[in-house]
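Report on one structure; see the data block that follows.
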Amino acid sequence: MTTAFVRPDTQALLTMLEAAVEVPMNEMEPPAAREAYVAMRFLVDAEPTKLAIVRDLVCPGPAGEIKLRYYDSRESREKGPVIMFYHGGGFVIGDLESHHPFCTEMAAQMDLPVVAVDYRLAPEAPFPAAPDDCEAATRWIVDNAATELGIEIDGLITCGDSAGGNLAIVVAQDLHKKPAVVPVIAQVPIYPVVDSTAAGGSIDEFAEGFLLTRDSMDYFSGHYAGVAGDVRCDPIHGDLASSPPTVLITAGLDPLRDQGRAYAARLVEAGVSVTYLEAIGNIHGLICLRKGIPSAQKDIDNICNALKNTLASL
C-alpha cells in the first residue's frame, strides 16, 4: 500500500472510475479496448481548444497511408519549428481522437504547428511498426510541409505521452543517426516508457489502483512484442549523449515514474540539457484527464512553459 500523496481531484476520479468500470481494458480484445479508450475521453477530458486550423491529411508509410492531423492557432506563420506528436496507449490503443483535446491545447499554448501521427497499432502491427511509421511521417512532414501544410519549418520537436513518449525519443534518436533536412531541436517525452525490462520500485508501488496497472502494462507489452534491449524498443539504452534538449515529466503515482526518472538522470549524466518535472499526486494519462482532474491543467501548463524556456535558450 502506497503512502504517496494523492491530489483530492485525482482521488475523486480514481474513485469514480473504480465504481464505473465493469471490465478493465486489459480484459478486452484490442478493438473493444480502443473504442472504450476513445469513449473515455468524452467523460474525463477537457473540450478541444479552438484553433484556426485543424485539418486531417495522409502521408505514405512503410505499410500504406498514415493518417495525420495538423493543428495551428494561426492561418499563416513565419518559418519556425513544428511539434510532432505521437499518442500514448501502450502501442495498442489510442488514435487521433483520443489525444485531440491535448493537441489543440498544446498548439494554442505553444503558438506552434502540431502534427499528430496515427501510427499502426499492435497486435495487428507489432514492433517495430510504430517507430517505423512515426519516423516515416516525421520525415515526410520535413520534406512536404511547404506544399502540404503551407508552412516552412526549420526544426522538429518530438513529443508524446507514455508509448508516444517512447516514440518521441526513438524518432529523435533515429533522426540523429540519419539526419533529416532539418534537425530535432527538442524532445518532450511525457511519462514515457523507456525500458521494457524495468522492475520493482514504482511498478510495484502503483501496480494497481492508479489507472495504469501492472496487468495493463503486461497486456500492452505482450501485444506490442518489443525486443528487449533494442534501442528502438528500450531507448534508455540508445546514444543518449546525442539527445536534443529535453523536457520530461513523470507522474508521481505512475508505475512508469521510476524509469522516467532514470532516463532523465542518464541524460543529465550524458551532458544533455534537461528540464525534469514531476506531477506530484497525479496519475499516468494526466494530459487526457483535465475534466476529471482539473489540476492536470497546471501540469500541462508546466510542460508548455518548460518547452518555451527550452526553445528560448537555443
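FYI, it's all coordinate maths here, none of it is from the lab. Since the structure is predicted, the reported quantities are computational estimates derived from the model, not experimental observations. As a convention, Cβ positions derive from the backbone with ideal geometry for all residues, glycine included, and neighbour counts pool all protein chains shown.
Couple of notes before you dig in:
- GluC sites (Glu not before Pro) restricted to DSSP loop in the range 116-162 with at most 16 other C-beta within 10 Å: E124, E152
- Sum of -39500 (n - 2.57) over DSSP H runs of 4+, divided by residues of the chain (222 nm, nearest 500): -11500 deg cm²/dmol
- DSSP beta bridges in the chain [antiparallel fraction, %, rounded to 5]: 35 percent
- With Cα atoms, 0 to 90° folded angle of helix 100-110 axis to the chain main axis: 60 degrees
- Helix 163-177 and the long axis of the chain differ in direction by around 30°, with both axes built from C-alpha atoms.
- GluC sites (Glu not before Pro) lying in DSSP loop within the range 193-294, provided at most 10 other Cβ fall within 10 Å: none
- Between the helical axis of 257-269 and the longest alpha-carbon principal axis of the chain there is an angle of about 40 degrees.
- Among the trypsin sites (Lys or Arg not before Pro) within the range 63-123, those in coil by DSSP and having at most 13 neighbouring Cβ atoms inside 10 Å are K79.
- Note on the range 82-153: dipole from Cβ charges, positive end direction compared against V115, C134, L96; the farthest Cα belongs to C134.
- Other residues within the sphere of radius under 12 Å centred on the Cβ of K79, judged by their own Cβ, net out at -2 (K and R +1, D and E -1).
- Charge tally for L14 (other residues, Cβ to Cβ under 12 Å; Lys, Arg +1; Asp, Glu -1): -2.
- Candidate lysines for bridging to K291, where Cα separation is under 19 Å - those fewer than 8 sequence places away on the same chain excluded: K50
- The modelled label-to-label distance for the pair R214/R261, using points 7 Å beyond Cα in the direction of Cβ, is 1.8 nm.
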